[in-house]
Amino acid sequence: MQGPDGWFNNLEYVVEARDESTAVVRYVRAGVFADDWDNQYDGASNHTDFYLHSLGQYVRYFAGKPITYASVEGRESSSSPQAMGMLRSALGITSGTAVGDAASVEVPGIGTVDAIVDYINDWFIGLRAENALLRFYGRNAFGGNVDAAHHLFAADTDGDAATAAWQAWLAGVFA
């Protein structure tokens, strides 16, 4: 990602098989933070935990499957302090929801997505469906908007249509 005033955030990872039962993961995060360094550093640290968890979910459940990536940005209104609460409500997630609980969301153009919560904290929500890792980022806590980045593993996925559907859904959450 790139932002104003030279800000950028770059993630690189390589998973390399070493023999029949082991692998090496090389993960590099690079970036330049802007004015609010402490807040952005905290956000990057929390994001790294979520990212590595997501990588583990991929390796465990989806390795080798075809992938379509759908990245969507929340509206400016998703930068409010209440934004993650609004997102949780839209996902049917309550304060008592925990990892392993079921979640279901209706996405126009896609239909009902049934998933389980595989990651949840104040800033990030991860849902794992039969053919998808659905990732929601509460960047509002670190000066940005609430965004989503989904990894879709069905071979026949139309990436443009999926991105448009999720973008419309997220826009509806923060209308």
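For the subset of region 133-162 comprising residues that are open to solvent by 30 Å² or more (accessible area, probe 1.4 Å), over 27 Å from PRO81 (Cβ atoms) and not small (Gly, Ala, Ser), which member is nearest to the chain's Cα centre (by Cα)?
The residue in question is HIS151.
Scanning for something touching a helix residue (DSSP H, G or I) at 6+ places or on another chain (Cβ under 8 Å) and at pLDDT 95 or above, does region 152-166 turn up at least one residue? Steps first, please.
Narrowing region 152-166 to residues touching a helix residue (DSSP H, G or I) at 6+ places or on another chain (Cβ under 8 Å): 152.
Those left that are additionally at pLDDT 95 or above: 152.
Checked against the condition, which is being touching a helix residue (DSSP H, G or I) at 6+ places or on another chain (Cβ under 8 Å) and at pLDDT 95 or above, region 152-166 yields at least one hit.
Filter region 72-129 down to residues that are open to solvent by less than 40 Å² (accessible area, probe 1.4 Å), under 21 Å from ALA171 (Cβ atoms), without any contact (Cβ under 8 Å) to a residue 60 or more places away in the chain and assigned to a loop (DSSP other than H, G, I, E, B), then give me how many there are.
Within region 72-129, residues that are open to solvent by less than 40 Å² (accessible area, probe 1.4 Å), under 21 Å from ALA171 (Cβ atoms), without any contact (Cβ under 8 Å) to a residue 60 or more places away in the chain and assigned to a loop (DSSP other than H, G, I, E, B) number 1.
Out of region 163-175, which residues are among the hydrophobic types (A, V, I, L, M, F, W, C) and either under 21 Å from ALA115 (Cβ atoms) or open to solvent by less than 20 Å² (accessible area, probe 1.4 Å) (or both)?
Of region 163-175, the ones among the hydrophobic types (A, V, I, L, M, F, W, C) are 164-166, 168-171, 173-175.
Residues satisfying the conditions are ALA164, ALA165, TRP166, ALA168, TRP169, LEU170, ALA171, VAL173, PHE174.
Sort out which residues of region 52-71 are assigned to a helix (DSSP H, G or I), open to solvent by 60 Å² or more (accessible area, probe 1.4 Å) and in contact (Cβ under 8 Å) with a residue 60 or more places away in the chain, and write them in order of number.
The initial filter retains those residues of region 52-71 that are assigned to a helix (DSSP H, G or I), namely 52-61.
Then keep just the ones that are open to solvent by 60 Å² or more (accessible area, probe 1.4 Å); that gives 52, 58-61.
Correct list: TYR58, TYR61.
Within region 130-157, count every residue that is among the charged types (D, E, K, R), in contact (Cβ under 8 Å) with a residue 40 or more places away in the chain and closer than 16 Å to PRO66 by Cβ. Don't jump to the end; show me each part of the working.
Step one: list which residues in region 130-157 are among the charged types (D, E, K, R), which gives 130, 135, 139, 147, 156.
Retained after the next criterion (residues that are in contact (Cβ under 8 Å) with a residue 40 or more places away in the chain): 135, 139, 147.
If we keep only those that are closer than 16 Å to PRO66 by Cβ as well, we get none.
So the answer is 0.
The values are calculated or read from the model by the stated rules, or taken from the named source; none is laboratory data. Not measured: the values here are computed from a predicted model. Cβ: placed from backbone, ideal geometry, glycine included. Neighbour counts: every protein chain shown. Protein only, heavy atoms only, side chains kept; ligands, DNA and RNA dropped before computing areas. Shrake-Rupley method; radii C 1.70, N 1.55, O 1.52, S 1.80 Å.
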